[in-house]
Every structure is written in C-alpha cells, then in structure tokens.
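**Q** Please see the structure below; I have some questions.
The values are calculated or read from the model by the stated rules, or taken from the named source; none is laboratory data. Being a predicted model, the structure only gives us computed values, none of them experimental. Reconstructed Cβ throughout: ideal geometry from the backbone, glycine too, with neighbour counts over all protein chains shown.
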Amino acid sequence: MSASELEELLKGCRKVLRVLRVFMEHEGEPLTRYRIEKEAAIYYSPSVLERLLKLGIIRIVGEEPTLYELNSEHRLVKALRKLFEEVGYLQP
C-alpha cells in the first residue's frame with residue numbers, strides 16, 4: 001500500500017496522517033508548528049495539533065515558539081507506527 005492509498009482510505013484524516021508521519025520521522029526532536037506544516041505539506045494545523053495533544057499523542061515541550069514532541073510511549077503511537085511501517089507510509 002502506498003502513502004497515497006493510505007491517505008485515500010482515511011481521506012478525512014489526511015492532515016492527521018501527514019502530521020503524525022512528520023512527528024514519527026523526527027522522533028525525539030521538538031518541532032514548531034511552522035516546521036510541522038511545512039514538512040507535512042499542509043496549510044493550517046492548530047486543530048490537528050489540539051486533537052493530538054488532547055489524546056496525549058504529542059506534548060508541548062517548549063514555549064515561544066511552542067515546541068511539540070511525539071509521545072513515543074503512547075499505545076496509539078506504537079500501534080500507528082507499526083501500521084505505517086507495514087503499509088509503507090513510514091520507513092522503518
């Protein structure tokens with residue numbers, strides 16, 4: 001399955017998928033909203049970031065500018081990483 005096939009399957013979640021992939025590609029590295037949007041090739045991410053924060057998938061690790069980091073220990077992150085790698089959406 002290609003990246004575009006996964007995005008097509010989960011069409012309403014395209015932004016979320018792309019943002020998650022950016023966080024997984026830069027695991028352990030604090031990211032600004034600007035960098036997330038640039039690397040995910042999306043225009044506006046606050047609603048996605050708020051949803052991921054609420055679920056505990058990411059956390060804020062710095063202020064001014066706000067820095068976000070993936071919560072690698074979260075059970076959903078572990079399951080999604082495995083799925084993304086198995087379908088080729090993320091390189092292992």
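**Q** Sort out which residues of region 15-56 are polar (S, T, N, Q) and either outside any helix (DSSP H, G or I) or touching a strand residue (DSSP E or B) at 6+ places or on another chain (Cβ under 6 Å) (or both), and write them in order of number. Talk me through it step by step, then tell me what you get.
**A** From region 15-56, those polar (S, T, N, Q) are 32, 45, 47; that's our starting set.
The answer is THR32, SER45.
**Q** Do we have any residue at all in region 29-39 that's modelled with pLDDT of 95 or more, in contact with an Asp or Glu (Cβ under 6 Å, 6 or more places away or on another chain) and surrounded by 13 or more Cβ atoms within 10 Å (Cβ to Cβ)? Even if it seems obvious, please write down each step before you answer.
**A** From region 29-39, those modelled with pLDDT of 95 or more are 29-39; that's our starting set.
If we keep only those that are in contact with an Asp or Glu (Cβ under 6 Å, 6 or more places away or on another chain) too, we end up with 30.
If we keep only those that are surrounded by 13 or more Cβ atoms within 10 Å (Cβ to Cβ) as well, we get 30.
Yes, because at least one residue in region 29-39 is modelled with pLDDT of 95 or more, in contact with an Asp or Glu (Cβ under 6 Å, 6 or more places away or on another chain) and surrounded by 13 or more Cβ atoms within 10 Å (Cβ to Cβ).
**Q** Anything in region 47-60 that is surrounded by 12 or more Cβ atoms within 10 Å (Cβ to Cβ) and either more than 18 Å from ARG14 (Cα to Cα) or out of contact with any helix residue (DSSP H, G or I) (no Cβ under 8 Å at 6 or more places or on another chain) (or both)? List them, or say none.
**A** Going residue by residue through region 47-60, those that are surrounded by 12 or more Cβ atoms within 10 Å (Cβ to Cβ) are 48-49, 51-53, 55-60.
Result: LEU53, GLY56, ARG59, ILE60.
**Q** Look at region 40-92 and say how many of its residues are of a type in the set (Ser, Thr, Tyr) and at pLDDT below 95.
**A** Going through region 40-92, the residues of a type in the set (Ser, Thr, Tyr) turn out to be 43-45, 47, 66, 68, 72, 89.
Subsequent filtering for residues that are at pLDDT below 95 retains 43-45, 47, 89.
The total comes to 5.
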